[in-house]
Amino acid sequence: MKNIVLFGAPGVGKGTHANILAEKYDLLHLSTGDMLRAEIEAATPLGQRVKAAMERGDLVGDDVVIGLVDKALSSTEQGVILDGFPRTVQQAQALDFLFKRHNRRMNCVISIDAPREELVRRIHERAIISGRADDANDDTIRHRLEEYDAKTKPVTDYYKVSGLLVCIDGSGEINQTSMRLCKVVDTVVRKNNF
Ligand code: AMP
């Protein structure tokens, strides 16, 4: 069973590439952003609690997203590709704990990298079709990128230490990045003898 984390800044294309990889390697795509938006859409108490923070571009509380991922992992035996989680070192530590509890092993953490101007350009482009309030406002976009630098980027050091981190260039076209990602996953699959 393969378990992969797709890591990167807002706008880099984690959702798009997680979908492609999920299809190709028969993985369940778990996006905490999608889970949170579904809670807001359904106007659940949790959705109401996180709505304002998401609209501001703040990260929501660790306990909230850890709970959502725990619930998702409890309800599947399939390998997973995590998109948008972990986003803090506390979440990364919690994920290690959750994987142990659910008898899973993390195979790799792939960080997709792209220059800041390209991220902003892609978020603006996505805003046209996503209808996401946090994609449409320049202050919110700036704040999401600040949150990434301050709280999420340090997660790469956490995974560097465990030797799980692979960084790839995601500045080009979707199919170029996709080919790089598949190469990494294929190498990991061969090495781990899945
Ligand atoms: P995304 O769809 O991954 O871009 O996430 C959209 C928003 O959801 C983020 O800006 C955060 O407000 C919230 N969010 C998603 N995943 C997490 C997470 N792992 N930790 C904290 N907040 C999250």
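Considering only alpha-carbon pairs that sit under 8 angstrom and 6 or more positions apart, the relative contact order computed for the chain is 32 percent.
How many percent of the accessible area of the chain is carbon or sulfur, using a 1.4 Å probe?
Details: 5150 of 9990 Å².
Answer for the chain is 52 percent, counting heavy atoms of protein chains only.
Where only DSSP H runs of four or more residues are counted, the chain gives -18500 deg cm²/dmol as its mean residue ellipticity at 222 nm, each run worth -39500 (n - 2.57). Under 1.5 on a/c is rounded, so check that first for the chain, then, if it is not, pick prolate when a/b is larger than b/c and oblate when it is not; a ≥ b ≥ c are the square roots of the alpha carbon gyration tensor eigenvalues. It comes out oblate by the Cα gyration axes. Here the Karplus relation 6.51 cos²θ - 1.76 cosθ + 1.60, evaluated at θ = phi - 60°, turns the backbone of the stretch 111-122 into coupling constants of 9, 9, 10, 7, x, 3, 4, 5, 4, 5, 4, 5 Hz, with x for every Gly and Pro.
For the stretch 3-192, the solvent-accessible area works out to 51 Å² per residue, with a probe of 1.4 Å and every protein chain left in place. Under 5 Å from the amide H of His29 lie the amide H atoms of Ile81, each residue being 5 or more positions distant or on a separate chain, with H modelled from the backbone and absent for Pro and chain starts. Each of Lys71 and Ile174 was given a label point 7 Å from its Cα along the Cα-to-Cβ line. The distance between the two points is 3.0 nm.
Other residues lying with their Cβ under 14 Å from the Cβ of Val184 contribute a combined charge of +3, Lys and Arg counting +1, Asp and Glu -1. Bridging of Lys191 to lysines at a Cα separation below 28 Å is possible for Lys2, Lys14, Lys24, Lys100, Lys153, Lys160, Lys183, once same-chain residues fewer than 8 apart are set aside.
Dipole magnitude for the chain: computed about the Cα centre from +1 point charges on Lys and Arg Cβ and -1 point charges on Asp and Glu Cβ, it is near 620 debye.
The values are calculated or read from the model by the stated rules, or taken from the named source; none is laboratory data. Everything quoted here is computed from the prediction, not taken from an experiment. Because the Cβ atoms are built from the backbone with ideal geometry, glycine has one as well, and the counts that use them run over all protein chains shown. Protein only, heavy atoms only, side chains kept; ligands, DNA and RNA dropped before computing areas. Shrake-Rupley method; radii C 1.70, N 1.55, O 1.52, S 1.80 Å.
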